[in-house]
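Here is the structure we will look at.
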Amino acid sequence: MNIHEYQGKAILSRFGVSVPGGVVIDNAEDAEKAALEIQEKTGASCWVVKAQIHAGGRGKGGGVKLARSLEEVRKQAQNILGMQLITPQTGPEGKKVHKVMIQQDIYYPGSNPVRELYMSILLNRSAGRNIVMYSTEGGMDIETVAEKTPHLIFKEEINPAVGIQPFQARKIAFNLGLEGKAFKEMTRFVTALYSAYIASDASLFEINPLVKTSDDFIFAADAKVNLDDNAFFRHPDYEALRDLNEEDPTETEASRNNLNFVKLNGNVGCMVNGAGLAMATMDIIKLSGGEPANFLDVGGTANAQTVEAGFRIILRDPAVKAILINIFGGIVRCDRVAQGVVDAYKSLGSVRVPVIVRLQGTNAREAKTLIDNSGLKVYSAISLQDAADLVKQNV
């Protein structure tokens, strides 16, 4: 589950990770009060106003602005709140900004230069170990750094049995070109960050930029935190961090119905049981000349109600020109799926697109009888090739 920057920083702070002082508001009238609160706690005389959406690249889209006075803080908050922020990660439709964070500016002048670094922690699935990835070239163009100068990206694998070791934290600080106080601060920062990652059951921590200030302190100036929702039984408070405004409404509805659904930009809706069969079905759709409009796995415990919910969700997409239902009845019974399709079809009154149904396995014969006797206009397929041909004819 994605969470906002301010929520991620609150988690980091609980584990001793240094983050700049900040206050979240949803009304521009509260901007000056928030800035004064930060000034009282940190002594800051400059602030940064940051849009809070689930996407990176906010600075490039105009969602991060520097404010040098209280009046400017209020003005920038007014400009950003309510805007449709478009970044390289939001797509052309962008995302509406409902909240902003007023944060102390840590780029103040001093005798030493301020440096922007990069650090992330994630799972290296091939090795079965967590990995700390870091670079001396942090900031808004980190993707370009990874693409054009990959030798500037360092990686440190962590043995899960022992966790991050002091020598590894020192190695990271050394490779980042730090020394003296900044070196010690970085070793402390890396250790605390890794502890937070493990204890919070995160799937990703990304700190960009990771800032070394002019007085050699280390701060997580930004934070992208993804939490593993499979571990929420250990963190009941994390459910409250979910922001439904940032999620696709169809994906939210699918989650309520225990459906694994991801919206795509194609023209053929598909409903399948099992992730492997879903991937194969999407390949079939592409080979037949269509494009998958979604990934929808009804799982092994699907019943008529969940299938009907999935059917309705697919039909909400105006780009869908046909629907392919491809079910192999192992745990799930084909007749239950068929009944869900019939119920959805009848309750909707009319279905504007052709429906192609391939049901094989447990109770497949009963399922075919149900659909044949329903009077619905559906196309029945026996083999995968039959399904592909029917998709090609109807797209």
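The values are calculated or read from the model by the stated rules, or taken from the named source; none is laboratory data. Computed from a predicted model, the values in this text were never measured in an experiment. All Cβ positions, glycine included, derive from the backbone under ideal geometry; neighbour counts span all protein chains shown. For the accessible areas, the whole protein counts, side chains as well, though only heavy atoms, and no ligand, DNA or RNA atoms are used. Shrake-Rupley method; radii C 1.70, N 1.55, O 1.52, S 1.80 Å.
Here are some notes:
- A254 being assigned to a helix (DSSP H, G or I), touching a residue at least 24 places away in the same chain (Cβ under 8 Å) and under 30 Å from M186 (Cα atoms): no
- Unique match (being under 21 Å from the mean Cα position of the chain (by Cα), open to solvent by less than 50 Å² (accessible area, probe 1.4 Å), in contact (Cβ under 8 Å) with a residue 12 or more places away in the chain and over 16 Å from V17 (Cβ atoms)) among M101, M119: M101
- Filter result (among the aliphatic types (A, V, I, L, M), touching a strand residue (DSSP E or B) at 6+ places or on another chain (Cβ under 9 Å) and open to solvent by 10 Å² or more (accessible area, probe 1.4 Å)) within segment 162-220: I164, L178, I198, A202, L204
- Of the helices (runs of 4 or more DSSP H) lying entirely inside segment 314-395, those carrying at least 2 residues that are among the hydroxyl-bearing types (S, T, Y), touching a residue at least 12 places away in the same chain (Cβ under 8 Å) and closer than 28 Å to N265 by Cα are 334-348.
- Qualifying residues in segment 210-241 (those that are assigned to a loop (DSSP other than H, G, I, E, B) and out of contact with any Asp or Glu (no Cβ under 9 Å at 6 or more places or on another chain)) - the one nearest to V64 (Cα to Cα): T213
- Cβ separations smaller than 7 Å between residues 6+ apart or across chains give the following pairs from segment 238-250 residues that are open to solvent by less than 30 Å² (accessible area, probe 1.4 Å) to residues that are part of a helix (DSSP H, G or I): Y238/F232; T250/I313.
- Selection of first residues in segment 157-168 that are over 17 Å from M119 (Cβ atoms) and in a loop (DSSP other than H, G, I, E, B) and of second residues that are at pLDDT below 95 and not basic (K, R), restricted to Cβ pairs under 8 Å at least 6 apart or on distinct chains, gives the following pairs, ordered by first then second residue: P160/G128.
- Exclusive hit being at negative phi and in contact with a helix residue (DSSP H, G or I) (Cβ under 7 Å, 6 or more places away or on another chain), set D228, D222, D237, D216: D222
- Residue match in segment 23-30 (condition: touching a strand residue (DSSP E or B) at 6+ places or on another chain (Cβ under 6 Å) and either basic (K, R) or at pLDDT below 95 (or both)): no
- When we screen N230, N265 for residues that are at pLDDT 85 or above, surrounded by fewer than 16 Cβ atoms within 10 Å (Cβ to Cβ) and within 30 Å of V355 (Cα to Cα), the only hit is N265.
- Of the strands (runs of 3 or more DSSP E) that lie entirely inside segment 257-301, those containing 3 or more residues that are within 21 Å of S383 (Cβ to Cβ) span 268-272.
- Among (1) over 30 Å from E40 (Cα atoms); (2) open to solvent by 60 Å² or more (accessible area, probe 1.4 Å); (3) not in a loop (DSSP other than H, G, I, E, B) - the single one S126 does not satisfy: (3)
- Within segment 353-395, being surrounded by 15 or more Cβ atoms within 10 Å (Cβ to Cβ) and at positive phi holds for G361, N363.
- If the condition is being at negative phi and in contact (Cβ under 8 Å) with a residue 60 or more places away in the chain, then segment 282-299 contributes I284, I285, L287, S288, G290.
- Matching residues in segment 319-352 - criterion: being farther than 15 Å from E308 by Cα, modelled with pLDDT under 85 and open to solvent by less than 10 Å² (accessible area, probe 1.4 Å): G329
- Any hit, segment 139-152, residues being basic (K, R), open to solvent by 60 Å² or more (accessible area, probe 1.4 Å) and touching a helix residue (DSSP H, G or I) at 6+ places or on another chain (Cβ under 9 Å): no
- Any hit, segment 194-203, residues being under 12 Å from M119 (Cβ atoms) and at pLDDT below 95: no
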